[in-house]
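In what follows, a single structure is set out as structure tokens and then discussed.
The values are calculated or read from the model by the stated rules, or taken from the named source; none is laboratory data. All of these numbers come straight from a predicted model, not from anything done at the bench. Every residue, glycine as well, gets a Cβ built from its backbone with ideal geometry; the counts of neighbours run over all protein chains shown.
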Amino acid sequence: MRSFRYLDDTAILHLSEDKCIGCGNCQLVCPHRIFRIFEGKAEIVDRNGCMECGACAKNCPTAALYVNPDDGCGCASYIINSWIARIRGKAPSGCGC
């Protein structure tokens with residue numbers, strides 16, 4: 001999805017190459033295809049395409065991916081829904097990504 005852009009240069013996405021085992025789960029689950037496996041390791045090839053949904057981190061068996069320190073999901077929909085839920089005194093219901 002090269003045409004999709006969330007917010008340029010804002011993704012809190014970190015990949016630890018030392019922890020990566022090259023399983024390819026991140027590449028399979030990423031809805032915007034920002035990863036590729038190169039020489040046995042994952043590589044971020046389109047950081048600005050990341051919407052911080054957290055699918056890669058949740059499916060990484062070695063915790064080599066880090067998306068959002070608070071909720072594991074940093075997409076705008078989830079953040080806004082979390083704010084509204086807190087104001088209303090409810091638990092966030094998720095983003096639906």
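See the values below:
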| quantity | calculated |
| --- | --- |
| Scope region 24-48; condition part of a loop (DSSP other than H, G, I, E, B) and surrounded by fewer than 16 Cβ atoms within 10 Å (Cβ to Cβ); matching residues | G24, P31, R33, E39, G40, V45 |
| Members of region 1-28 that are more than 18 Å from N68 (Cα to Cα), modelled with pLDDT under 95 and among the small types (G, A, S) | S3 |
| Hits in region 29-51 (condition: among the charged types (D, E, K, R) and at pLDDT 95 or above) | R36, E39, K41, E43 |
| Breaking point among (1) in contact (Cβ under 8 Å) with a residue 60 or more places away in the chain; (2) out of contact with any helix residue (DSSP H, G or I) (no Cβ under 9 Å at 6 or more places or on another chain), for E17 | (1) |
| Pair list, Cβ < 6 Å and 6+ apart or interchain, from region 36-50 residues that are touching a residue at least 12 places away in the same chain (Cβ under 8 Å) and closer than 16 Å to S16 by Cβ to residues that are of a type in the set (D, E) and in a loop (DSSP other than H, G, I, E, B) | K41/E17 |
| Residues of region 52-74 satisfying the condition of being modelled with pLDDT of 85 or more, in a loop (DSSP other than H, G, I, E, B) and over 10 Å from L13 (Cα atoms) | N59, C60, P61, T62, A63, A64 |
| Residue within region 49-61 that is farther than 30 Å from R86 by Cβ, surrounded by 16 or more Cβ atoms within 10 Å (Cβ to Cβ) and more than 11 Å from the chain's Cα centre (by Cα) present | no |
